[in-house]
Every structure is written in structure tokens, then in C-alpha cells.
């Protein structure tokens with residue numbers, strides 16, 4: 001069953017006023033791995049995610065845009081965090097391309113994977129938490145949390161059939177992209193600890209090992 005995948009980051013001796021710089025650092029690591037240099041959306045939530053956003057901006061980063069200067073990482077973070085409040089969460093969306101089979105609208109579990117694979121854009125949310133947001137949720141979720149969406153691109157655990165050679169290659173490439181980002185953040189963003197976890201609590205490492213064992 002598909003599961004939500006997250007990466008939680010904690011920083012040593014963290015001060016709330018350092019949150020914008022920490023967000024910029026993590027977003028930069030994502031840009032290095034993904035090749036996507038622009039933020040696609042930014043939102044600010046008060047108190048908890050059940051509340052409506054008090055700030056939201058959707059960026060146009062294609063040929064329709066008169067300018068993409070505002071969506072540069074440093075500019076987008078500066079605008080959204082201009083007024084820091086310790087009971088708010090600051091969310092930034094970026095995109096990366098992950099390999100995905102073209103299934104002609106058929107469910108993955110019913111589709112044969114000897115089909116055409118293409119890199120498809122997937123949205124990733126990078127969220128910085130104020131210390132009083134949602135009853136100090138950062139203690140469990142991290143000072144910064146990355147929401148990767150469903151873990152399907154990495155484990156394809158809804159597919160019971162054996163994967164062909166091309167499918168094996170592309171699943172491994174997706175795993176390599178995920179690991180590259182995780183290691184880049186660990187090396188370059190000054191974190192003290194990190195945790196890659198799923199919403200169900202099932203260890204992703206075990207799911208990845210099981211999938212890779214089926215691939216090799």
C-alpha cells in the first residue's frame with residue numbers, strides 16, 4: 001500500500017530567527033539534486049494546518065512569466081518569512097522529475113510494466129516550523145520537514161509482478177535521487193540529525209531493501 005514519505009531535519013542549538021537561512025540551505029540542496037532552481041509555490045499557515053493560509057503565492061516559471069526573479073529560492077523565502085511568527089509554518093513547493101510508467105490510465109497494480117517510462121514532475125513540500133506551531137510539532141516533525149508525497153516512485157509496492165529490466169533501472173534511479181538529496185542535506189546544511197519516515201510507521205529502508213532485492 002502506498003504511504004506518505006517524509007524527511008525530518010533537526011539543527012543543533014537552533015534559533016527561530018535562523019529558520020529562513022536554514023530553509024534556503026535545504027532548498028538549495030534540493031535544487032542541486034533536482035536541477036529545478038525555482039520555487040513553484042509558497043504558503044504560510046498560522047497555528048496548525050487546519051487553519052487557512054495567511055500568505056500564499058503561486059509562481060509562474062514558464063514562458064508565460066514576465067519575470068521569474070521572485071521565484072528564486074532566496075527571494076521566495078525572504079518574502080514569505082518577512083514577518084516571522086513562532087506559531088506559524090512556512091511551506092515551499094518545488095518539483096523534481098521522477099521516473100514513472102505510462103499506464104494509459106490503468107491502475108499500477110493491474111498494469112504490465114513492460115511499457116514506456118518517462119520522467120514526470122512530482123511536487124515536494126519543504127516546511128519550516130515555528131516553535132509554537134501546532135503545539136511544538138517540530139519536536140516530532142523536525143525544525144524542517146520535507147514531504148515527498150507518496151512513496152510509490154521508490155518502492156512500487158502495489159506491483160506484485162516481476163519488473164522488467166527497464167523498470168528495474170528506473171526504480172533504482174528514483175532511489176538514487178532520493179538518497180542523493182538526503183545525503184546532500186546531511187553534508188551541507190549543518191543538521192544535527194535526520195529521520196526518513198513514513199506516515200504508517202513502516203520503515204522505508206525495509207521496503208527499499210525488499211524492492212531492491214527483487215530488482216537484483
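One residue stands out in region 190-202 among those that are out of contact with any helix residue (DSSP H, G or I) (no Cβ under 8 Å at 6 or more places or on another chain) and closer than 13 Å to residue 6 by Cβ: the one that is modelled with the lowest pLDDT, namely 202. Checking each residue of region 167-181 against the condition of being modelled with pLDDT under 95 and assigned to a loop (DSSP other than H, G, I, E, B) gives no match.
Would you check if there is a residue in region 98-119 being in a helix (DSSP H, G or I), at pLDDT below 95, crowded, with 19+ Cβ neighbours inside 10 Å and in contact with a strand residue (DSSP E or B) (Cβ under 6 Å, 6 or more places away or on another chain)? Checked region 98-119: no residue is in a helix (DSSP H, G or I), at pLDDT below 95, crowded, with 19+ Cβ neighbours inside 10 Å and in contact with a strand residue (DSSP E or B) (Cβ under 6 Å, 6 or more places away or on another chain). Restricting attention to region 1-47, the residues being in a loop (DSSP other than H, G, I, E, B) and either without any contact (Cβ under 8 Å) to a residue 60 or more places away in the chain or under 16 Å from residue 142 (Cβ atoms) (or both) number 7. Scanning region 121-147 for residues that are farther than 19 Å from residue 191 by Cα and in a strand (DSSP E or B) gives 121, 122, 123, 124. Quick one: count up the residues across region 182-194 that are within 14 Å of residue 145 (Cα to Cα) and in a helix (DSSP H, G or I). Count: 3.
The values are calculated or read from the model by the stated rules, or taken from the named source; none is laboratory data. Because the structure is a prediction, the values reported are computed rather than measured. Positions of Cβ are generated from backbone atoms using ideal geometry, with glycine treated the same way; all protein chains shown enter the neighbour counts.
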